[in-house]
1. Quick one: residue 281 ticks every box in (1) assigned by the TED database to the domain that holds residue 246; (2) farther than 15 Å from residue 231 by Cβ bar one, so which box is it?
2. When residues of region 20-60 are filtered for being closer than 24 Å to residue 116 by Cβ, hydrophobic (A, V, I, L, M, F, W, C) and surrounded by fewer than 13 Cβ atoms within 10 Å (Cβ to Cβ), how many remain?
3. Suppose we keep only residues that are surrounded by fewer than 23 Cβ atoms within 10 Å (Cβ to Cβ) and on the phi < 0 side of the Ramachandran plot within region 204-219. Which one would you say is nearest to the chain's Cα centre (by Cα)?
4. Quick check on my filter: what residues within region 130-173 are part of a helix (DSSP H, G or I) and of a type in the set (Asp, Glu)?
5. So if I check each of 251, 261, which one is charged (D, E, K, R), on the phi > 0 side of the Ramachandran plot and modelled with pLDDT under 90?
6. Check residue 82 against each of (1) at pLDDT below 90; (2) in contact with a strand residue (DSSP E or B) (Cβ under 8 Å, 6 or more places away or on another chain); (3) not small (Gly, Ala, Ser) and name the one condition it does not meet.
7. Select, from 184, 180, 191, 175, the only residue that is among the aliphatic types (A, V, I, L, M), surrounded by 21 or more Cβ atoms within 10 Å (Cβ to Cβ) and in contact with a helix residue (DSSP H, G or I) (Cβ under 9 Å, 6 or more places away or on another chain).
8. Does residue 225 satisfy the condition of being touching a strand residue (DSSP E or B) at 6+ places or on another chain (Cβ under 8 Å), of a type outside the set (Ser, Thr, Tyr) and modelled with pLDDT under 95?
Amino acid sequence: MQQLIDIAASRGDGLIFAAHLAELGLNGRDVRRALAEGSIVRVMRGIYAKPPNDRPFWPRELHALRTRGAAALEPRDAVVSHLSAAALHGLPLIGPWPDRVHLTVIGAAGGSSSAGIARHTARVASNETAIHGVRVTTLARTLVDVAATTSMLVGVTMMDAAIHRGDITRADLYAELTRARLQAGRRRGRACVDFSDGRSASPGESLTRVRAWELGFELPRLQVPVRTRLGDFEIDFGWESCALFGEFDGKVKYTRDAYLKGRSIEEVVMAEKAREDAIRAETGRGFVRIVWQEALRPVTLDALLRSAGVPRARRPVTSRPPG
């Protein structure tokens with residue numbers, strides 16, 4: 001049966017359609033057995049996928065699969081957009097991926113949303129590309145749409161990631177803002193572009209920057225170069241006015257092969273401690289580590305930054321983020 005499942009998966013470019021399974025001679029009982037054994041997972045009604053060998057699907061991957069499945073059932077004038085397009089473009093989201101798939105059509109008669117589909121309309125044609133054969137808004141349009149319809153945190157996190165990996169520039173995003181003629185959310189979209197910075201190397205760093213801004217703190221320099229006896233390093237954050245360095249300490253990095261470089265987790269933790277000690281001793285600066293639990297809770301992050309000595313920024317309450 002596994003060989004037949006593999007054939008069906010190859011036909012659907014990773015998606016397994018019930019119709020293809022039936023054509024290969026597999027019936028409902030076979031499908032239920034494959035689901036129970038974990039050989040396949042249900043993406044949506046009548047559509048399945050094979051999970052990775054060593055882990056479950058990540059939420060973004062599952063939403064991307066659901067998006068591809070829904071797009072295959074929709075009229076051809078619909079383009080995958082907003083957060084669903086972000087999933088296909090491989091962008092990070094702080095928070096849960098939506099239950100509904102987002103699609104955009106041009107003009108006023110876009111149709112109504114349903115339980116599984118959120119439909120949007122656009123006044124001008126969306127720039128589009130194709131991913132896995134699915135029509136999807138371009139990266140620039142996706143980022144602008146997400147920023148305009150979600151939050152500063154979500155918009156900036158995705159923009160930072162796209163700029164950091166070299167896929168887009170802020171100039172591209174400003175140009176798309178002008179071209180898109182957004183019906184709503186234009187001001188928030190521009191604020192996200194103003195604040196975006198490709199030097200943020202992880203979603204956790206973007207989260208910390210946005211939350212610090214919202215809490216009224218002075219914003220740090222990013223990826224600050226530091227030379228020590230142990231070598232040259234880049235520190236995530238540097239607050240010059242209070243002689244403080246900061247690092248976002250996402251625990252996931254300690255399990256990534258690219259970060260471990262053949263070392264055990266214990267060896268990496270020890271090396272990080274030695275690095276921090278050298279930076280403290282040789283620069284005379286303070287050092288604060290920020291973890292997910294703190295960055296996600298504004299009250300906790302506020303207390304942490306205050307106790308570390310980060311000053312409040314001198315700016316009007318209504319001011320926009322720095323460009």
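The values are calculated or read from the model by the stated rules, or taken from the named source; none is laboratory data. Since the model is a prediction, treat every value here as computed from it, not as a measurement. Note: ideal-geometry Cβ built from the backbone for every residue, glycine included; neighbour counts use all protein chains shown.
1. Going through (1) assigned by the TED database to the domain that holds residue 246; (2) farther than 15 Å from residue 231 by Cβ one by one, residue 281 breaks only (2).
2. 1
3. Applying the first criterion (surrounded by fewer than 23 Cβ atoms within 10 Å (Cβ to Cβ)) to region 204-219 yields 211, 213-219.
Then drop every residue that is not on the phi < 0 side of the Ramachandran plot, which leaves 211, 213-215, 217-219.
Values: 211: 16, 213: 19, 214: 20, 215: 22, 217: 24, 218: 25, 219: 22 Å.
Among those that are surrounded by fewer than 23 Cβ atoms within 10 Å (Cβ to Cβ) and on the phi < 0 side of the Ramachandran plot, it is 211.
4. Result: 145, 160, 172.
5. Result: 261 is the single residue among 251, 261 that is charged (D, E, K, R), on the phi > 0 side of the Ramachandran plot and modelled with pLDDT under 90.
6. Status for residue 82: all satisfied but (1).
7. Just a single option satisfies the conditions, and that option is 180.
8. Yes, satisfied.
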